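The values are calculated or read from the model by the stated rules, or taken from the named source; none is laboratory data. As the structure is a computational prediction, the values presented were derived from the model and not from experiment. Reconstructed Cβ throughout: ideal geometry from the backbone, glycine too, with neighbour counts over all protein chains shown.
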Amino acid sequence: MFFRCYNRPGLTLSLPEQQELRKELLSVARTCFNPVPDYQCLSSRPDALDDKIIIVAYAEADSMNFEEETKNRRKDNTSHGEHCAVAFTSTLFLDDVPGVRNPVLHTGLTVAIPSVHRTGILAELFAQLFLNVVPMHPEGMWVTTLAAVLSSLVQSERALARSYPSPSAKRSMDNDGPPRPSSEYYSIARAIDKRYRAQLLISPKAIWDEESFVFRGSLDWDNQEADGFKKDVDDKRYWHRDEASNVFFRGLMREGKGDEVLLIGFVNEEILWKKLEELQQRQAEKRLLKNKL
Ligand SMILES: CC(C)(COP(=O)(O)OP(=O)(O)OC[C@H]1O[C@@H](n2cnc3c(N)ncnc32)[C@H](O)[C@@H]1OP(=O)(O)O)[C@@H](O)C(=O)NCCC(=O)NCCS
């Protein structure tokens, strides 16, 4: 597998290249959504790719033995030359966040074809994302994730420092550690609540619960685009391996009400290298365990 970063492709790629990229994103999305939401980088709006930073994972067609769906997508002419898009994460900077000095990156939409689910794809996509965006802002940036998918929340928590809400922040507060969240967390959350609901697909009727950092009823509305994202929060296919973290995030959301947690964290060059080391260590441990089985 290899990765490509597309930085604001709507402004930097030629029209045919944009169309090719759009075809790749849609081919991945079609394996998970029916219908594909007209949302974020998948939107049909002509400016949809202007503000996105997208990491796409490709399988090298001849070296990977992928399942039927990948073959079918090749037959449908949805592959890019010798390569076939298998996953992507699409992000954007939120430029209108008063009271916050560092940039704010929102990790908006992550999709992988079913045959690469449960392979550690999320960690790979996020590592590639930060390897590309942190050098643009080495002083560091805030990163937001809005999700009901527990594995996405735990993954973001692990890839970032100072994550809130998170089990480690709770432990620190329980043990009289530094009070959290600081004013920046509230400024970011309030900007999302007031200015970014439409862009982040948050229901206009959702209630921002500042106690728990949850948009209550975020996905619970009459909008076809939001339908595909409604998940059963108890469905273990979307859980992380880390049981304690699952329990923590699960506990923030109500069952069947379309709640989504807003997780905010921070990353800079130093944090990135530390997190990459931790990731490599976890991957080595997983390989060791797999070899033992
Ligand atoms: C979002 C999406 C890409 C996540 O896929 P995924 O398969 O959960 O991603 P990963 O393979 O990285 O797995 C994530 C975690 O799940 C857990 N996991 C993976 N395989 C597992 C297994 N066999 N048993 C238990 N836990 C497992 C692990 O904790 C893993 O993280 P780790 O490998 O770092 O420990 C996928 O669910 C998807 O495409 N969904 C459809 C699109 C969507 O709804 N996106 C919403 C988010 S914007």
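For segment 175-219, give me the residue count where each residue is aromatic (Phe, Trp, Tyr) and either closer than 17 Å to residue 103 by Cα or without any contact (Cβ under 8 Å) to a residue 40 or more places away in the chain (or both). Steps first, please.
First pass over segment 175-219, keeping only residues aromatic (Phe, Trp, Tyr): 185-186, 196, 208, 213, 215.
Among the residues that remain, those that are also either closer than 17 Å to residue 103 by Cα or without any contact (Cβ under 8 Å) to a residue 40 or more places away in the chain (or both) are: 185-186, 196, 208.
Of the residues in that region, 4 qualify.
The set of residues in segment 1-42 being surrounded by 16 or more Cβ atoms within 10 Å (Cβ to Cβ) and among the hydroxyl-bearing types (Ser, Thr, Tyr) consists of 6, 27, 31, 39. Considered as a group, the residues in segment 146-193 that are within 16 Å of the ligand (Cβ to nearest atom), among the hydrophobic types (A, V, I, L, M, F, W, C) and part of a helix (DSSP H, G or I) include one that is surrounded by the fewest Cβ atoms within 10 Å (Cβ to Cβ), and that residue is 192.
Filtered by the rule that a residue be under 17 Å from the mean Cα position of the chain (by Cα), within 19 Å of residue 213 (Cβ to Cβ) and buried (at least 19 other Cβ atoms within 10 Å of the Cβ), segment 246-283 gives 246, 249, 259, 260, 261, 262, 263, 264, 265, 267.
Check every one of the strands (runs of 3 or more DSSP E) wholly within segment 200-273 and list those with 2 or more residues that are away from the ligand (no atom under 12 Å from the Cβ) and in contact with a Pro (Cβ under 9 Å, 6 or more places away or on another chain). First the steps, then the outcome.
Details: elements: 207-209, 214-216, 260-267.
Because the criterion is at least 2 residues that are away from the ligand (no atom under 12 Å from the Cβ) and in contact with a Pro (Cβ under 9 Å, 6 or more places away or on another chain), the strands (runs of 3 or more DSSP E) in segment 200-273 that meet it are 260-267.
In this structure, residue 211 does not satisfy being farther than 16 Å from residue 151 by Cα and at pLDDT 95 or above. Residue-level analysis places residue 237 outside the set of residues that are at pLDDT 95 or above and of a type outside the set (Ser, Thr, Tyr).
Could you please find all residues in segment 83-106 being within 15 Å of the ligand (Cβ to nearest atom) and under 15 Å from residue 57 (Cβ atoms)?
To start, the set of residues in segment 83-106 that are within 15 Å of the ligand (Cβ to nearest atom) comprises 85-92, 105-106.
Scanning segment 83-106 gives 85, 86, 87, 88, 89, 90, 91.
Yes/no per residue for (1) within 13 Å of the ligand (Cβ to nearest atom); (2) at pLDDT 95 or above; (3) among the acidic types (Asp, Glu):
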residue: 1; (1), (2), (3): yes, no, no
residue: 9; (1), (2), (3): no, yes, no
residue: 14; (1), (2), (3): no, yes, no
residue: 19; (1), (2), (3): no, yes, no
residue: 43; (1), (2), (3): no, yes, no
residue: 53; (1), (2), (3): no, yes, no
residue: 60; (1), (2), (3): no, no, yes
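For residues that are hydrophobic (A, V, I, L, M, F, W, C) and surrounded by fewer than 18 Cβ atoms within 10 Å (Cβ to Cβ), scanning just segment 128-138, find the one that is farthest from the ligand (Cβ to nearest atom). Reasoning before the result, please.
Residues of segment 128-138 hydrophobic (A, V, I, L, M, F, W, C): 129-131, 133-134, 136.
Remaining after also requiring surrounded by fewer than 18 Cβ atoms within 10 Å (Cβ to Cβ): 131, 136.
Numbers: 131: 17, 136: 22 Å.
Result: 136.
Of the candidates 206, 191, the single residue that is touching a strand residue (DSSP E or B) at 6+ places or on another chain (Cβ under 6 Å) and at pLDDT 95 or above is 206.
Return the total of residues in segment 194-203 being surrounded by fewer than 18 Cβ atoms within 10 Å (Cβ to Cβ) and either more than 17 Å from residue 147 (Cα to Cα) or in contact with a strand residue (DSSP E or B) (Cβ under 9 Å, 6 or more places away or on another chain) (or both). Adding up the residues that qualify gives 4.
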